[in-house]
Protein chains: 2
Amino acid sequence: MSQEIHKKTTVQSLDNPTEIRVFCPATVANVNCGFDSLGFALKGIGDEMVFRKTEGRGVTITEITGDTLPMEAHNNVAGVAGNAMLEDINANFGVEIEIHKKIRSGSGIGSSSASAAGAVYGINQFLEKPLSNLELTRYAMKGEALASGNEHADNVAPCIYGGTTLVTGYNPFKVIALPPMDTVYVGILHPHITIKTKEARKILPTHVPLKDAIAQSQHLASFVASLYEWDKELFKESIKDVLVEPHRKLLIPHFDEIKAISLQNGCIAFGISGSGPSMFCLAFAKADIDKYLSESTALYECNGLQVDSYSSRISGEGCKVIK
Amino acid sequence: MSQEIHKKTTVQSLDNPTEIRVFCPATVANVNCGFDSLGFALKGIGDEMVFRKTEGRGVTITEITGDTLPMEAHNNVAGVAGNAMLEDINANFGVEIEIHKKIRSGSGIGSSSASAAGAVYGINQFLEKPLSNLELTRYAMKGEALASGNEHADNVAPCIYGGTTLVTGYNPFKVIALPPMDTVYVGILHPHITIKTKEARKILPTHVPLKDAIAQSQHLASFVASLYEWDKELFKESIKDVLVEPHRKLLIPHFDEIKAISLQNGCIAFGISGSGPSMFCLAFAKADIDKYLSESTALYECNGLQVDSYSSRISGEGCKVIK
């Protein structure tokens with residue numbers, strides 16, 4: 001947890017492997033009480049990326065499928081993150097990257113983060129002395145900055161570490177891998193509307209009531225304790241957001257109705273994923289998630305709004321090499 | 001953790017014991033990042049109370065030493081807390097209480113809380129079916145309300161539970177007993193000035209910057225994680241207060257100088273105890289605390305201000321029966 005960023009040294013590349021395929025999970029950030037702090041990785045929902053070690057220098061993006069994104073490395077979050085890392089470690093090789101997007105851009109479940117995190121995770125597989133998760137997260141944030149305008153880690157951290165992560169601050173930069181929540185089911189609902197991150201930031205007040213600040217800190221602290229104790233009742237009581245949701249929910253049509261559907265169906269938590277428009281819902285039983293997704297999808301469709309929905313789990317794994 | 005308040009039933013008293021002596025520890029509340037939430041008990045600093053079961057009803061205060069406090073039960077925090085409990089459980093006995101104060105009133109290390117917590121803890125020893133710590137805390141808060149104007153648990157909880165406690169909220173009311181910190185040394189410095197709780201409340205802003213609220217929640221959450229992981233570095237980094245200290249320190253002369261002395265002497269945390277004027281300081285070595293107390297006492301005395309100082313530890317024990 002306390003590793004310093006890798007010092008500038010020449011990293012020798014290995015002869016093998018020269019080509020790998022990586023799965024990069026979708027992630028949920030700004031989890032209720034953990035605005036700008038708490039995130040988790042989703043199981044089975046994510047992009048794939050292929051990495052080939054070359055004799056050149058830097059990142060070359062050779063193929064993108066599933067989305068229309070810039071091919072030039074300096075305009076692509078994977079390129080920016082990958083190049084930041086390759087330059088900093090003074091690598092004596094280059095990397096070709098194929099990006100196969102499955103996570104819809106702008107959905108709020110960490111699409112750009114998956115590309116940034118995947119890039120540095122993939123490159124790390126070619127290193128004789130691989131970097132730590134904390135170091136990789138730091139480089140992935142450089143890619144995030146291209147997408148959102150500022151370096152933040154709440155999506156890239158769970159994408160790299162897997163499970164549930166808490167970013168405790170940036171000075172010093174620290175990420176805590178919290179105890180797993182792998183018995184928790186997740187429903188993701190993505191209504192097809194566009195929310196710009198800037199707009200979602202702008203709607204937030206600069207100041208909040210002190211009493212709400214205290215309540216939010218109690219919620220986040222007791223949520224952390226609930227994971228260590230695995231106290232389901234405390235988990236449910238603490239995963240609440242009194243600071244951000246009251247403002248940002250105004251950007252999402254039918255938010256209160258959808259939230260009510262989730263709670264009526266036995267779900268234990270509901271909130272905006274990232275800066276939206278996707279919403280996440282947690283439950284201890286898959287049936288609760290499926291019923292919620294079916295009812296909430298019907299509500300949106302009755303109102304003429306298209307939605308995607310995903311039934312998933314919190315994944316203990318972050319980026320990983322696949323066949 | 002999740003017990004409901006004891007339902008109104010007749011509690012039969014035991015024949016024995018009929019007289020007990022209880023130690024009630026001093027406590028530190030509002031611990032940095034945990035304003036209104038986090039508190040801990042001190043080892044070896046505290047009041048003593050003697051309880052005698054009688055055939056009457058309600059609390060009778062028979063003796064108070066060490067301080068001039070009201071003898072009438074309805075004007076005394078121990079009386080108010082004790083009577084709230086006795087009435088609610090419909091006890092078929094009464095209690096005589098002697099209060100031997102050692103904790104100076106108005107010092108900010110839980111003087112009134114010790115009396116309120118001690119009262120309900122003592123009475124609990126006479127019950128056939130003792131109440132839970134959470135239930136006792138709830139009754140002790142009634143006493144606290146007499147002293148401070150509102151029911152709060154941040155001192156009475158650690159006084160009853162011992163160790164370090166986190167009050168996670170009042171609706172529902174919940175207290176988490178956090179992992180022990182019994183290797184941590186504490187220095188308490190009490191400059192002889194008066195700070196009224198009302199004044200300490202009034203100096204706080206009603207609104208705080210959102211970014212500070214986020215930082216404080218990250219601090220409290222990572223402090224909790226540091227206790228579960230026993231990560232000393234994280235402990236030190238997270239036990240900080242960006243919301244309250246900047247305002248309340250203005251009420252304490254030489255605060256910044258005293259804080260600097262603590263950090264120069266290797267202490268790992270420093271803050272206002274409760275609403276002051278006492279300050280607490282934490283260290284992993286007793287020598288650091290002793291050096292800090294000596295230098296800071298000298299600074300105050302040079303400036304013509306009288307101080308008390310205590311070298312202690314965080315105690316795993318709350319109120320306890322003694323010989």
Taking the range B:218-230 and keeping only residues that are within 7 Å of chain A (Cβ to nearest Cβ) and under 17 Å from B:PRO180 (Cβ atoms), one is left with B:VAL224, B:ALA225, B:TYR228
Somewhere in the range A:254-268, is a residue part of a loop (DSSP other than H, G, I, E, B), surrounded by 19 or more Cβ atoms within 10 Å (Cβ to Cβ) and within 21 Å of the chain's Cα centre (by Cα)? yes
Candidates B:ALA81, B:ALA116, filtered to the one that is within 24 Å of A:ILE214 (Cβ to Cβ), crowded, with 22+ Cβ neighbours inside 10 Å and in contact (Cβ under 8 Å) with a residue 40 or more places away in the chain: B:ALA116
Counted residues, the range A:117-138 - those being touching a Leu at 6+ places or on another chain (Cβ under 8 Å) and part of a helix (DSSP H, G or I): 5
Could you count how many residues in the range A:205-217 are over 24 Å from the mean Cα position of the chain (by Cα), in a helix (DSSP H, G or I), of a type outside the set (Gly, Ala, Ser) and facing chain B (nearest Cβ under 7 Å)? 2
Can we say B:ILE193 is touching a helix residue (DSSP H, G or I) at 6+ places or on another chain (Cβ under 9 Å), part of a loop (DSSP other than H, G, I, E, B) and either within 10 Å of chain A (Cβ to nearest Cβ) or in contact (Cβ under 8 Å) with a residue 12 or more places away in the chain (or both)? yes
Breaking point among (1) within 21 Å of the chain's Cα centre (by Cα); (2) within 14 Å of chain A (Cβ to nearest Cβ); (3) surrounded by 20 or more Cβ atoms within 10 Å (Cβ to Cβ); (4) assigned to a helix (DSSP H, G or I), for B:ARG201: (3)
Regarding A:LYS174, is this residue under 21 Å from B:VAL224 (Cβ atoms), surrounded by fewer than 17 Cβ atoms within 10 Å (Cβ to Cβ) and modelled with pLDDT of 90 or more? no
For the range B:1-29, how many residues are at pLDDT below 95 and either in a loop (DSSP other than H, G, I, E, B) or touching a Leu at 6+ places or on another chain (Cβ under 8 Å) (or both)? 18
I need the full set of residues from the range A:219-239 which are among the aliphatic types (A, V, I, L, M), part of a helix (DSSP H, G or I) and touching a residue at least 40 places away in the same chain (Cβ under 8 Å), in order please. A:LEU220, A:VAL224, A:LEU227
Hey, could you check the range A:151-190 for residues that are within 14 Å of chain B (Cβ to nearest Cβ), in a loop (DSSP other than H, G, I, E, B) and among the hydrophobic types (A, V, I, L, M, F, W, C) and say which is nearest to A:SER262 (Cα to Cα)? A:LEU178
Filter the range B:42-78 for residues that are among the polar types (S, T, N, Q), in contact (Cβ under 8 Å) with a residue 24 or more places away in the chain and out of contact with any Leu (no Cβ under 8 Å at 6 or more places or on another chain); which is surrounded by the fewest Cβ atoms within 10 Å (Cβ to Cβ)? B:THR65
Of all the residues that make up the range A:218-240, how many are surrounded by fewer than 23 Cβ atoms within 10 Å (Cβ to Cβ) and within 21 Å of the chain's Cα centre (by Cα)? 4
Taking B:HIS247 and the conditions (1) under 30 Å from B:LYS320 (Cα atoms); (2) within 11 Å of chain A (Cβ to nearest Cβ); (3) surrounded by fewer than 18 Cβ atoms within 10 Å (Cβ to Cβ), which numbered condition does it fall short on, given that it satisfies the others? (1)
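The values are calculated or read from the model by the stated rules, or taken from the named source; none is laboratory data. Bear in mind the structure is a predicted one, so any value in this text is a computation, not a measurement. Glycine gets a Cβ as well: all are built from the backbone with ideal geometry, and neighbour counts include every protein chain shown.
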